[in-house]
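Step one of this worksheet: look at the structure below.
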Amino acid sequence: MKKTMTIKLQVIFIATIFLALSAYAWFKPADKISDSELRNLAQFPEVNAQKLWDGSFMTEFESYTLDQFPFREEFRTVKAVTYLYALRQSDNNGIYIEDGYAVKMEYPLNDESVKYAIGRMQNVYDKVMADTDAKCYIAVIPDKNYYLAEEHGALSIDYDWVFSTVRNEADFAQYIDITDLLGKEDFYRTDTHWNQANITDIAERLAGTMGAELDNQYTVNTVGIPFYGVYYGQAALPMKPDTLKYLTNDAIEAASVFDWQNNKPLAMYDEDKMNTRSPYDLFLGGSLSMITIDNPLAETDKELVVFRDSFGSSLVPLLVSGYKKITVFDIRYLPGDRIGNFIEIDNQDVLFIYSTSVLNNGTTIK
């Protein structure tokens, strides 16, 4: 009798929990975005005869229930902690933690994608730089996995193949190696990007190779809002936030920046971006298709054209003091075939600088 009563109480308890969660799921307002994952969450799908007939309603409804499940973030954290620490799995959602750094395993290598990316850069060179006096350079930014994968035993691409392929096949540009200037400590712990305060030596090497002189005296500015990077949400693990810092000097502070994508002036650093879903957009407004930077304090007529991904947003300000004008393109958003419509390249320095993660997904370059 006592055993039967215990079973009944257990069933009632479980049923109560289930009904409470179900009621909460149905009546709570749907969340619009996931702050930790930096993405929009699925909303209740539109109900119509066509969607009911072809089954798309149920597919969308399933996505909605998964995204709007009660206490979703808490359950994601429990799952991640269980996977990594209780079940001793090596990663969660392709993210592993090593020495306090959240790292995404870049794997497998897509060699055709890397070669495609090089081909798109070659296309830009052929269309707007060939037969000019432009001096072209290229550099590859390794991701954190390059510095931690072997130690952790994590899967990784053949980075040396990527570096040598870019060096050999992008023969339109002089290759600048920067891998020896970086280490895990130069990247944010919770994010994919490098820390601007730690890459002044990289700016110096790039500028020196291109024949430009930089003012390397900087003021370090610290943003008071905690920075939770993209890996923080993807890993779903409790981690301390990073601190965003940005560097200024006389040239950076005097420079004027213009965003041609949105046809308006742009701040070199905009701390208001810290309150958005993409805090790293603090640097040059994020991934914009075309930006120009004019330096009124320049003691040279040298101009620079940069083709870059998001890593370049924090690098480019460090190059300002060495040039009269810098034009920045992101050909993931502006097709390379259209570059000639916006700039005439004659004798400028031209820098192509891309991360291994973008090269390994080279079809994003247009």
- Item | Selection from region 98-136 of residues that are open to solvent by 20 Å² or more (accessible area, probe 1.4 Å) and of a type in the set (Ser, Thr, Tyr) | 101, 107, 116, 125, 132
- Item | Matching residues in region 297-331 - criterion: being surrounded by fewer than 23 Cβ atoms within 10 Å (Cβ to Cβ) and among the basic types (Lys, Arg) | 302, 324, 325
- Please give the number of the condition residue 150 fails out of (1) open to solvent by 60 Å² or more (accessible area, probe 1.4 Å); (2) touching a residue at least 12 places away in the same chain (Cβ under 8 Å); (3) under 27 Å from residue 96 (Cβ atoms). (2)
- Task: List every residue pair whose Cβ atoms lie under 7 Å apart, where the two residues are 6 or more positions apart in sequence or sit on different chains, the first residue falls within region 310-327 and is without any contact (Cβ under 8 Å) to a residue 40 or more places away in the chain, and the second residue, located anywhere, is basic (Lys, Arg) and surrounded by fewer than 23 Cβ atoms within 10 Å (Cβ to Cβ).
- Result: 324/302
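Identify, from the list 140, 124, the residue that is over 19 Å from residue 357 (Cα atoms) and either more than 21 Å from the chain's Cα centre (by Cα) or among the hydrophobic types (A, V, I, L, M, F, W, C) (or both).
Testing whether each residue is over 19 Å from residue 357 (Cα atoms) and either more than 21 Å from the chain's Cα centre (by Cα) or among the hydrophobic types (A, V, I, L, M, F, W, C) (or both) leaves just 124.
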- residue 228 passes all but one of the listed conditions (1) closer than 17 Å to residue 280 by Cβ; (2) in contact with a strand residue (DSSP E or B) (Cβ under 7 Å, 6 or more places away or on another chain); (3) at pLDDT below 95; the exception is number (2)
- Task: Output the number of the condition that residue 177 fails; it satisfies all remaining conditions of (1) in contact with a strand residue (DSSP E or B) (Cβ under 8 Å, 6 or more places away or on another chain); (2) modelled with pLDDT under 95; (3) surrounded by fewer than 18 Cβ atoms within 10 Å (Cβ to Cβ).
- Result: (2)
- Task: Collect the residues in region 143-154 that are over 20 Å from the mean Cα position of the chain (by Cα) and not in a loop (DSSP other than H, G, I, E, B), keeping them in residue-number order.
- Result: 150, 151, 152
- Message: Just to be sure I understand, how many residues within region 112-158 are at pLDDT below 95 and among the small types (Gly, Ala, Ser)?
- Response: 5
- Task: Would you please name the residue that is nearest to residue 163 (Cα to Cα), looking only at residues in region 332-359 that are surrounded by 20 or more Cβ atoms within 10 Å (Cβ to Cβ) and over 21 Å from the mean Cα position of the chain (by Cα)?
- Result: 350
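Quickly run through region 162-196 and pick out the residues that are part of a helix (DSSP H, G or I) and of a type in the set (Phe, Trp, Tyr).
Residue satisfying the conditions is 163 alone.
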- Would you point out which residue out of 305, 316 is within 25 Å of residue 338 (Cα to Cα) and more than 17 Å from the chain's Cα centre (by Cα)? 305
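The values are calculated or read from the model by the stated rules, or taken from the named source; none is laboratory data. None of these values were measured; they are calculated from a predicted model. Every residue, glycine as well, gets a Cβ built from its backbone with ideal geometry; the counts of neighbours run over all protein chains shown. Calculation scope for accessible area: heavy atoms of the full protein, side chains included, ligands and nucleic acids excluded. Shrake-Rupley method; radii C 1.70, N 1.55, O 1.52, S 1.80 Å.
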